[in-house]
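Have a look at the structure below, then the notes.
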Amino acid sequence: MQPSESSNITSSSDSAPLKRAMSTRHLVMLSLGGAIGTGLFLGSGEVISQTGPIGAILAYILGGLIAYMVMLCLGELAVHMPVSGSFGAYAAKYIGPSTGYMVSWLYWLTWTATLGTEFTAAALLMQEWFPHISMWIWTLIFAATIFTLNLSSTKIFAESEFWLSLVKVITVIS
């Protein structure tokens, strides 16, 4: 790495530099908040009713252990090869370009489907407090908010995600 590139990281001459715009507190809270989805709030009752409290705890421990191991592996890859594109770039380099292409599109498709279900789940939760407001309105409000945050700068996005994730973490703890 050249001395002038100390604030940016590049993996090769043809990739754009990565800029570090998020602090550690943003990354930690974004990770915690990302792991806590609306499905946890809506689906926990169903899991407990089917498996009982011990079964639910064991299932969540096993799922958490698997997620932790996957994140350790991704962390190793990110340190070894810090590039934009993560999954797709790793698959393209270590498996093949067509696999990288498909992984990238499948990752996008997964998050597209997940966002729709997250908006609907959040609207269901909001309808508990505001039953007179249609679920479509809540869904549109959440979609517009997320769209606006994604269009904003990384700093604004990180700060908003920090506070929204903090709400989820406090809700789970209390």
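The values are calculated or read from the model by the stated rules, or taken from the named source; none is laboratory data. Just so we're clear, the structure is a prediction, and the values are computed from it rather than from any experiment. Reconstructed Cβ throughout: ideal geometry from the backbone, glycine too, with neighbour counts over all protein chains shown. Please note that ligands, DNA and RNA were not included when accessible areas were found on the heavy atoms of the full protein model with its side chains. Shrake-Rupley method; radii C 1.70, N 1.55, O 1.52, S 1.80 Å.
Note on Ser152 and Met81: with the Förster distance fixed at 22 Å, the Cβ-Cβ geometry gives a FRET efficiency of about 0.20. The candidates Glu46, Glu161, Glu128, arranged from most to least accessible area with a 1.4 Å probe in the full protein assembly, appear as Glu128, Glu46, Glu161. Contact order for segment 25-160, expressed relative to its length and based on alpha carbon pairs under 8 Å spaced 6+ residues apart, stands at 21 percent.
If Lys and Arg each add +1 and Asp and Glu each add -1, what is the summed charge of the other residues whose beta carbon sits under 12 Å from the beta carbon of Glu161? My count for the surroundings of Glu161 gives +2. Under the simplified labelling scheme, the Leu164-Ala59 pair shows an inter-label distance of 2.7 nm, with each label point 7 Å from Cα along Cα→Cβ. The alpha carbon gyration tensor of segment 106-174 gives principal lengths a ≥ b ≥ c with a/c of 1.5 or higher and a/b no greater than b/c, which makes the shape oblate.
Choose one answer from Met126, Met69, Met22: the residue with the largest mean-square fluctuation in a GNM of the chain with alpha-carbon springs under 10 Å. Result for the chain, Cα springs under 10 Å: Met69 fluctuates most. Label-to-label distance for Arg20 and Thr117 is 3.5 nm, based on points extended 7 Å past Cα in the beta-carbon direction.
For segment 38-174, the square roots of the Cα gyration tensor eigenvalues, ordered a ≥ b ≥ c, give a/c of at least 1.5 with a/b no greater than b/c, which places it in the oblate category.
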